[in-house]
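These notes are about the structure you will find just below.
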Amino acid sequence: MTGLDPMKVATQRTVMTRGLGPGSLEEVDISGEIPLLPRFRIPANLMRLDPWGIGHRLISRRLARPQIKVDKSKCVACGACAESCPVRAIEVVNYPSFDYNQCISCYCCYEICPENALRVGGLMRLLR
């Protein structure tokens with residue numbers, strides 16, 4: 001749709017290199033036509049100045065590393081967070097525990113928790 005090379009979009013590059021989604025458009029079953037967006041421009045941000053994603057990796061993996069915290073007084077260990085995790089980075093024994101090396105920062109767990117027992121920690125809490 002946008003005419004962009006997926007490998008130049010940091011999130012797409014991560015999805016493809018980690019094997020979390022299709023590696024090319026040819027691997028996607030498309031019904032109908034895909035309209036081309038003729039005047040699409042990448043939104044202005046600092047990522048445009050970082051085509052290799054070095055800054056993105058520094059920020060997302062070091063400074064803003066995902067840190068989901070569990071409020072044990074609210075958590076009922078229902079497992080909804082683990083079920084919602086697309087990369088299976090959550091294990092629930094007594095309370096959820098997170099594999100931050102697997103985590104892709106989608107925050108599905110945070111959004112799905114019926115008890116509001118999860119909160120975002122680290123620098124990401126400033127953006128929520």
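The values are calculated or read from the model by the stated rules, or taken from the named source; none is laboratory data. All values derive from a computational prediction rather than experimental measurement. Counting neighbours? That spans all protein chains shown, and the Cβs are built from the backbone with ideal geometry, glycine included.
The table below lists the values:
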| item | result |
| --- | --- |
| Residues of segment 1-35 that turn out to be in a loop (DSSP other than H, G, I, E, B) and either in contact with a strand residue (DSSP E or B) (Cβ under 7 Å, 6 or more places away or on another chain) or hydroxyl-bearing (Ser, Thr, Tyr) (or both), as a count | 3 |
| Inter-residue pairs, beta-carbon under 7 Å, first without any contact (Cβ under 8 Å) to a residue 12 or more places away in the chain and outside the structural domain of ARG88 (by TED's automatic domain parsing) and in segment 1-30, second surrounded by 12 or more Cβ atoms within 10 Å (Cβ to Cβ) and among the aliphatic types (A, V, I, L, M), 6+ apart | GLY21/VAL15; GLY23/MET16 |
| Qualifying positions in segment 36-60 - in a loop (DSSP other than H, G, I, E, B) and modelled with pLDDT under 70 | PHE40, ARG41, ILE42, PRO43, ALA44, ASN45, ASP50, PRO51, TRP52, GLY53 |
